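The structure under discussion appears below in the form of structure tokens.
The values are calculated or read from the model by the stated rules, or taken from the named source; none is laboratory data. What you are looking at is a predicted structure, and each value in this text was computed from that prediction instead of being measured. Please note: Cβ atoms are built from the backbone with ideal geometry, for glycine as well, and neighbour counts cover all protein chains shown.
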Amino acid sequence: MKCPKCGSLNDKVIDTRQSKDGTVIRRRRECLDCGNRFTTYERFEEEKIIVKKKSGDTQAFDKAKIIRGILLAAKNRPITQKQAENIAEEIEKFLIDEGKLLVESTEIGDLVEERLRELDPITYIRFKSVYNEFKDIKDFEETLKEIKKDSKEE
Ligand SMILES: [Zn+2]
């Protein structure tokens, strides 16, 4: 760390302390050139996911928006608020774990669909029709066929 007094980059850590909850580390340092003592803090950097929309606009990843989208598609279907929250949290965790901090909105749509498809085919179809749009009637029929295949396998 650069000494705030003389600008030297030579320093040594003379004391390290962790906050009670373990989220902050405080280090007491001493400049080897001028003897100045100063303190630095180490914290987690907040991970922020940026979503790129089809229009090219970007916006911050918003879990609440995903949850609303799912619940809207799940109207009168056996999907709970808690399940919708879990899906949104899973997707956020997945993106952070993968280091994907810039993601296309369609990719988020795909991730939601993947999970809805397992939970409830009707909600899945509704969600897909609103958020990812079927390219044409053939695309829609293909999706229905896939779902029928899924339910036969069960
Ligand atoms: Zn110094």
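Things to note:
- Contact map, region 126-154: first residue more than 23 Å from Leu72 (Cα to Cα), second residue surrounded by 12 or more Cβ atoms within 10 Å (Cβ to Cβ) and modelled with pLDDT under 75, Cβ cut-off under 6 Å, separation 6 or more or different chains; the map is empty.
Every residue, every condition in (1) of a type outside the set (Asp, Glu); (2) within 25 Å of the chain's Cα centre (by Cα), yes or no:
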{"residue": "Lys75", "(1), (2)": "yes, yes"}
{"residue": "Glu89", "(1), (2)": "no, yes"}
{"residue": "Ile96", "(1), (2)": "yes, yes"}
{"residue": "Gly99", "(1), (2)": "yes, yes"}
{"residue": "Ile108", "(1), (2)": "yes, yes"}
{"residue": "Glu142", "(1), (2)": "no, no"}
{"residue": "Glu146", "(1), (2)": "no, no"}
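- Filter pass, Glu89 being more than 30 Å from Thr23 (Cβ to Cβ) and outside the structural domain of Ser19 (by TED's automatic domain parsing): no
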